[in-house]
Structures are given as structure tokens and as C-alpha cells.
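Here the structure comes first, spelled out in C-alpha cells, and everything after it is commentary.
The values are calculated or read from the model by the stated rules, or taken from the named source; none is laboratory data. No experiment lies behind these values; they were computed from the predicted model shown. Because the Cβ atoms are built from the backbone with ideal geometry, glycine has one as well, and the counts that use them run over all protein chains shown. Surface accessibility is based on the protein's heavy atoms, side chains included, excluding ligands, DNA and RNA. Shrake-Rupley method; radii C 1.70, N 1.55, O 1.52, S 1.80 Å.
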Amino acid sequence: MAEMTTGRRERKKAQTRQALADAAVRLFTEHGFDNVGVREVAEAADVSLSTLFKHFPSKEALVFDLDEDVESALVAAVRDRDPGQPVLHALRDHMVHTRTAVRTDDPTFVLVESTPALRDYARRMWSRHENTLAATLAEATGLTPEDPAVTGLARFALEAPSLARASEDPARAMRDLFALLEHGWATTLLARQEVHPSRDG
């Protein structure tokens, strides 16, 4: 019985959190982030202001309701990878499956990109994810969290989606970016030249 009560309580919390996030994005998109207060978001979701702050520590956080889930998934991609699978491949597959479907015309993406406060928050959020990912990579490889190999891979993995999104085929672009990291510039350039020989050669 206690388990059922706990499950019901968790579902209720998740529903409230989702209602707040949905209301926030809708209001911010319709009226502009700076023109909407947290009280208006709470009222739109039919909850109290104190309930809103139990779920979200700041106004900006309302737009990034999946923040913790994104970080947990990054950690799981490395820790729970198949036996023998290199961490680089595990990260590549995770980023292809989770970060290449984000469209640049998605309302939330447009909202973040057009709002300085949200862009700043996003940068801090991704910096935190980068530190967590670097620590997880260090744990998986036996290197230290400060080793450029793990800090560089963590930075690369989290920056790659912004480059891949500019491509007509983001998933392929993401794989190409990770191939560049895995095989190096000289090998990648040689492969490209074999497919697209220069006019001089």
C-alpha cells in the first residue's frame, strides 16, 4: 500500500512539473520571456507560487525541465554501455539518438536562442553537464577528471550537436564529427579527398 501511495505521489509530482513547464513555454513563447512573471506561470498551471519553486529554482529553469534527465542519460550512456563498447562509440550513439532530432524551428529552441537570459542559463547548464560527463569518463577510463582526454571529449560531445544541426542530415553529420575525433584529421581528410578529389589532383 505504501508503494502504491509513493507511486501515486511521484506521478502527481511529475504531472505538476510537466504542467508548469508546458505553461511556461506557452506563455514565454506567446508574450516573451521578460514579459511573463513566475506568478502568471503558476496561475496558468493552477498551482501556488510556492509549489512552482518546489519544482523549479528559478524562472529560467522552467524552460529546461529535462535538465536532470539529460544529465542522467549522459552518465548512463557511458556507465551502462555494452561490454567492450568504447566510450567514444557509446557517446556517439547516444548523441545521435537524442540530440539530432532537435529542430531549429522548435518553439523552445527558438525561445532559448532569442532570449539572452535563457542562452546564459543554457551555457551554465551545459557546462555543468560537461563537468559531470568528464567525471564519468574519468571513472570509465581510469584517467583523472582533469585529464585533457576526458575534458576534451566531454566538451566535444556536448558541442557537436550545435554543429550537426546546421547540416541537412544531422545524424550523419554527428557520426562524421565523431569519426573525425576517432580517426584524426589526416585520415578523415584523406577519406574525403578520395570521395571528392580536388580539381588539381
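What to note about this one:
- Evaluation of Ala73 against the conditions (1) within 17 Å of Leu158 (Cα to Cα); (2) open to solvent by 50 Å² or more (accessible area, probe 1.4 Å) shows that the sole unmet condition is (2).
- The set of residues from region 137-165 being open to solvent by 20 Å² or more (accessible area, probe 1.4 Å), in a helix (DSSP H, G or I) and over 29 Å from Thr104 (Cα atoms) comprises Glu139, Ala140, Thr141, Pro148, Ala149.
- Subset of region 12-50 that is over 23 Å from Val110 (Cα atoms), in a helix (DSSP H, G or I) and among the hydrophobic types (A, V, I, L, M, F, W, C) - its residue that is modelled with the lowest pLDDT: Ala14
- Pair list, Cβ < 8 Å and 6+ apart or interchain, from region 40-53 residues that are without any contact (Cβ under 8 Å) to a residue 12 or more places away in the chain to residues that are open to solvent by 70 Å² or more (accessible area, probe 1.4 Å): Leu49/Arg39
- Selection within region 81-120 - on the phi < 0 side of the Ramachandran plot, part of a loop (DSSP other than H, G, I, E, B) and of a type outside the set (S, T, N, Q): Arg81, Asp82, Pro83, Pro86, Ala101, Val102, Arg103, Asp105, Asp106
- Flag for Val87 being under 29 Å from Lys59 (Cα atoms) and either modelled with pLDDT of 95 or more or open to solvent by less than 60 Å² (accessible area, probe 1.4 Å) (or both): no
- Within region 51-70, considering residues that are of a type in the set (D, E, K, R) and not in a loop (DSSP other than H, G, I, E, B), the one most open to solvent (accessible area, probe 1.4 Å): Lys54
- Boolean, Ala134 is in contact with a Ser or Thr (Cβ under 7 Å, 6 or more places away or on another chain), open to solvent by less than 40 Å² (accessible area, probe 1.4 Å) and of a type in the set (Gly, Ala, Ser): yes
- Residue tally, condition within 19 Å of Val96 (Cα to Cα) and touching a residue at least 24 places away in the same chain (Cβ under 8 Å), over region 137-165: 11
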